[in-house]
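Heads up, the thing below is written out as structure tokens.
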Amino acid sequence: MLNVEKIRADFPFFLQKKNGQSWAFLDNAASTQKLEAVLHVMDNLYRTHFANIHRGVYDIAEAATQDFEETRNLVAKFINASQPEEIIFTKNTTEALNALAYTLGFNLKAGDEVVLSEMEHHANLVPWQQACQRTGAILKFIPVTPEFRLNLNNLDKIISSKTKVVSVVVTSNVLGTTNKVELIIAQARKVGALVILDGAQSVPHQPTDVQKLDCDFLAFSAHKIYGPTGVGVLYGKRKLLENLSPFLTGGHMIDTVEYQNTTWGPIPAKFEAGTPAIAEVVGFGEVIKYFNKIGWQNILAHEFDLTNYSLKKLQAIKGLKLFGPRDSQHRCPVFTFSIEGLHAHDLASILNDEGVAVRAGHHCTQPLHRKFGLIATTRASCTIYNTKDDINRLVDGIKKAQKILG
């Protein structure tokens with residue numbers, strides 16, 4: 001089992017106090033706090049051996065390049081990519097998904113179909129809307145059931161011979177639902193469609209094996225797993241990446257440049273134009289080492305226990321409606337809810353006064369909120385440094401808000 005107090009000591013954020021207590025930080029689905037080791041390695045690089053990478057032959061440039069590429073190796077092993085070259089560093093999950101919608105969109109034509117789910121984050125919806133509007137392709141959706149799961153009963157009708165791309169979220173950032181993407185991938189294989197997985201919420205909470213899943217692409221971000229902002233990952237099968245056009249062009253990603261023509265370099269360089277977020281990528285490598293040290297078994301056990309506890313405590317609150325599966329087997333520790341008679345932003349404000357940080361709004365899922373007749377909800381999301389005491393403070397804060405505003 002995790003020693004959560006020891007874990008929290010690895011995050012400088014928890015040295016801060018509000019009302020004499022450490023924050024109950026429950027906005028981890030948006031972004032997580034940062035490891036001391038991440039901050040240290042980034043600071044050390046900037047202070048002692050910063051240089052642009054893949055260019056210089058002097059010592060500090062080669063050292064920075066080595067550190068940067070070591071993170072690529074670590075990420076490849078972390079998600080079990082077959083080779084490091086299949087790991088592309090982007091700005092975030094959103095940029096990775098936009099890159100795919102833009103480049104794969106060149107191959108779409110009128111009448112082709114792109115399949116998403118009704119629980120997609122805007123980052124995996126709006127880019128495909130744009131691609132379909134440009135090409136005349138048709139956007140289709142796997143529906144969400146009243147039990148907050150994907151309805152896969154008619155999957156063969158939704159993913160058809162006209163389907164060219166299937167792009168779905170593994171774990172919902174609102175519902176907490178972990179989807180049976182293996183079934184979706186199997187149907188996509190039958191019709192020859194490409195499969196893209198949005199792993200922004202799943203990669204921090206469960207082991208990811210891209211070879212076992214047999215997905216074609218996977219996108220996720222460093223900042224949701226204790227790493228810095230400005231770094232995302234796009235995994236793609238080597239053959240597909242080699243045949244894909246670059247999203248951004250400029251320096252580093254070229255082979256030869258003439259005044260009238262340019263040829264592209266090999267992967268991953270072809271998709272990493274310009275100077276990347278060097279220190280941030282190096283910092284991200286420390287996150288992977290941290291995960292490897294703690295071990296998935298310990299992480300899963302802690303989050304499973306915390307999920308069970310949270311579900312029990314939240315569902316016992318009168319007037320609270322939870323949006324997501326009621327059992328911990330099919331979800332991650334993300335809890336979105338509404339409170340009868342309370343606006344989400346008012347609740348979040350009162351919780352802030354109690355030192356409890358939650359998210360209020362539509363969580364970049366306006367269509368999903370409309371489906372359930374909602375404008376805004378409150379979301380509490382946990383990770384390895386959260387405790388049952390954090391949940392108790394959340395519950396106490398909700399009850400206080402009900403007394404004040406109810």
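The values are calculated or read from the model by the stated rules, or taken from the named source; none is laboratory data. The shown structure was predicted, so the numbers you read here are calculated from the model rather than taken from an experiment. Cβ: placed from backbone, ideal geometry, glycine included. Neighbour counts: every protein chain shown. Areas reflect the complete protein model, heavy atoms only, side chains present, ligands, DNA and RNA absent. Shrake-Rupley method; radii C 1.70, N 1.55, O 1.52, S 1.80 Å.
General remarks:
- Filtered by the rule that a residue be among the acidic types (D, E) and part of a helix (DSSP H, G or I), region 216-256 gives a lone residue, E242.
- Number of positions in region 256-275 that are touching a residue at least 12 places away in the same chain (Cβ under 8 Å) and either open to solvent by 50 Å² or more (accessible area, probe 1.4 Å) or not hydroxyl-bearing (S, T, Y) (or both): 12
- Number of positions in region 366-400 that are under 23 Å from S310 (Cα atoms), among the aliphatic types (A, V, I, L, M) and surrounded by fewer than 22 Cβ atoms within 10 Å (Cβ to Cβ): 3
- Test for H363: is it outside any strand (DSSP E or B), more than 24 Å from Q16 (Cα to Cα), in contact (Cβ under 8 Å) with a residue 24 or more places away in the chain and open to solvent by 10 Å² or more (accessible area, probe 1.4 Å): yes
- For region 43-87, a residue qualifies if it is open to solvent by 50 Å² or more (accessible area, probe 1.4 Å) and β-branched (V, I, T), and the qualifying residues are T48, V57, I60.
- Unique residue being assigned to a helix (DSSP H, G or I), open to solvent by 20 Å² or more (accessible area, probe 1.4 Å) and modelled with pLDDT under 95 when the list is Q329, Q297: Q329
- If the condition is being out of contact with any Leu (no Cβ under 8 Å at 6 or more places or on another chain) and crowded, with 17+ Cβ neighbours inside 10 Å, then region 278-294 contributes E280, V281, F284, F291.
- Residue within region 304-325 that is surrounded by fewer than 18 Cβ atoms within 10 Å (Cβ to Cβ), more than 23 Å from Q21 (Cβ to Cβ) and within 24 Å of the chain's Cα centre (by Cα) present: yes
- Of all residues in region 88-112, those that are open to solvent by less than 20 Å² (accessible area, probe 1.4 Å) and among the charged types (D, E, K, R) total 1.
- Candidate set from region 1-28 (those that are open to solvent by 20 Å² or more (accessible area, probe 1.4 Å) and among the small types (G, A, S)); member that is nearest to F335 (Cα to Cα): S22
- Q260 more than 17 Å from P84 (Cβ to Cβ) and not β-branched (V, I, T): yes
- When residues of region 237-255 are limited to those that are open to solvent by 70 Å² or more (accessible area, probe 1.4 Å) and without any contact (Cβ under 8 Å) to a residue 12 or more places away in the chain, the one farthest from A101 (Cα to Cα): D255
- Enumeration of residues in region 124-137 that are open to solvent by less than 40 Å² (accessible area, probe 1.4 Å), more than 18 Å from G199 (Cβ to Cβ) and assigned to a helix (DSSP H, G or I): A131, C132, T135
- Leading residue by the ranking (nearest to S328 (Cα to Cα)) among those in region 150-168 that are within 24 Å of the chain's Cα centre (by Cα) and open to solvent by 10 Å² or more (accessible area, probe 1.4 Å): L150
- Subset of region 374-399 (residues that are of a type in the set (K, R) and within 15 Å of N352 (Cα to Cα)): R379, R393, K399
- Selection within region 340-359 - more than 18 Å from N19 (Cα to Cα), out of contact with any Lys or Arg (no Cβ under 7 Å at 6 or more places or on another chain) and open to solvent by 20 Å² or more (accessible area, probe 1.4 Å): E340, G341, L342, H343, H345, D346
- Region 201-215 - residue that is part of a loop (DSSP other than H, G, I, E, B) and open to solvent by 10 Å² or more (accessible area, probe 1.4 Å) and, of those, nearest to I384 (Cα to Cα): H205
Quick grid of which residues meet (1) more than 19 Å from V203 (Cβ to Cβ); (2) touching a Cys at 6+ places or on another chain (Cβ under 8 Å); (3) of a type outside the set (S, T, N, Q); (4) in a helix (DSSP H, G or I):
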{"position": "V115", "(1), (2), (3), (4)": "yes, no, yes, no"}
{"position": "L139", "(1), (2), (3), (4)": "yes, yes, yes, no"}
{"position": "F148", "(1), (2), (3), (4)": "yes, no, yes, no"}
{"position": "N153", "(1), (2), (3), (4)": "yes, no, no, no"}
{"position": "D156", "(1), (2), (3), (4)": "yes, no, yes, yes"}
{"position": "S160", "(1), (2), (3), (4)": "yes, no, no, no"}
{"position": "S167", "(1), (2), (3), (4)": "no, no, no, no"}
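- Residue check for T263: over 16 Å from E69 (Cα atoms) and either in contact with an Asp or Glu (Cβ under 6 Å, 6 or more places away or on another chain) or outside any loop (DSSP other than H, G, I, E, B) (or both): yes
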